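A.B. asks: Input: one structure, supplied below.
What follows draws every value from the coordinates through simple rules; no lab data is involved. Remember, it's a predicted structure, so these values are computed and weren't measured experimentally. Every residue, glycine among them, receives a Cβ derived from its backbone with ideal geometry; neighbour counts consider all protein chains shown.
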Amino acid sequence: MISIPEFIPGGSHTDERGTISFVNEFKFDAVKRFYHIKHPYITVVRAWQAHKLEQKWFYVVAGSFKLVVVRPDDWENPSTGLEASAFLLNSLNGVLHVPGGYANGFKALSPNSAMIVFSDFTIEQSASDNYRFDQKLWFNWDII
């Protein structure tokens, strides 16, 4: 059974020394690697990357992103009318866990937004579980 995307809330604390942001409930037990993505422009869309098995966790470190997920019904020729779920992520609100079985796409909502993506697959494992779909499927990225 495929689980559903789950938002893991975070928080922050500010005092005279500055601000600390945290996501205390995020467990790193399954993480094997991570990478950093920076979007200097709000016009760039990265969609759709999908994995049948690999799971990912998305954590915004600067700015904000609209991250959208869809569960493909067919990995070679998915339906065009699938329902997408959108999440607004920023550097203060937490981590989005996307289990295997989903396609994801995202767009920065402010210039120079950046996020860290954690994965439970090595780069070699991910390459054999990698599916790409046209970014025009399932979500209108012009309406954000």
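A.B. asks: Provide, for q = 0.17, 0.25 Å⁻¹, the log10 of I(q)/I(0) from a solvent-free Debye sum over equal Cα point scatterers in the stretch 21-91.
C.D. replies: Rounded to two decimals, the profile gives -0.86, -1.39.
A.B. asks: Highest mean first, what order results for 56-65, 127-136, 74-83 on Cβ atoms within 10 Å? Write down the numbers at each step before the final one.
C.D. replies: Working: 56-65: 20.5, 127-136: 12.2, 74-83: 10.5.
Ranking, from highest mean packing down: 56-65, 127-136, 74-83.
A.B. asks: Bin by bin, in steps of 10 Å, what percent of the Cα pairs in the chain do you find, going until the bin that has the longest distance?
C.D. replies: 11, 41, 36, 10, 2, 0
A.B. asks: Same structure again: Using bins 5 angstrom wide from zero, how does P(r) for the stretch 89-144 break down, in % of all Cα pairs?
C.D. replies: In whole percents, the pair-distance histogram is 4, 12, 21, 23, 23, 14, 4, 0.
A.B. asks: Just to check I understand the Karplus step: with θ = phi - 60° and J = 6.51 cos²θ - 1.76 cosθ + 1.60, what whole-Hz values come out for the stretch 62-76, glycine and proline as x?
C.D. replies: Karplus values, whole Hz, x for Gly and Pro: 7, x, 7, 9, 9, 10, 10, 10, 9, 9, x, 8, 8, 7, 9.
A.B. asks: Right, here's the next one. Kindly count the pairs of lysines across the stretch 35-144 whose alpha carbons are less than 19 Å apart, treating pairs on different chains or eight or more residues apart as eligible.
C.D. replies: On the way: K38/K56; K38/K66; K38/K107; K56/K66; K56/K107; K66/K107; K66/K136; K107/K136.
Total qualifying Lys-Lys pairs in the stretch 35-144 comes to 8.
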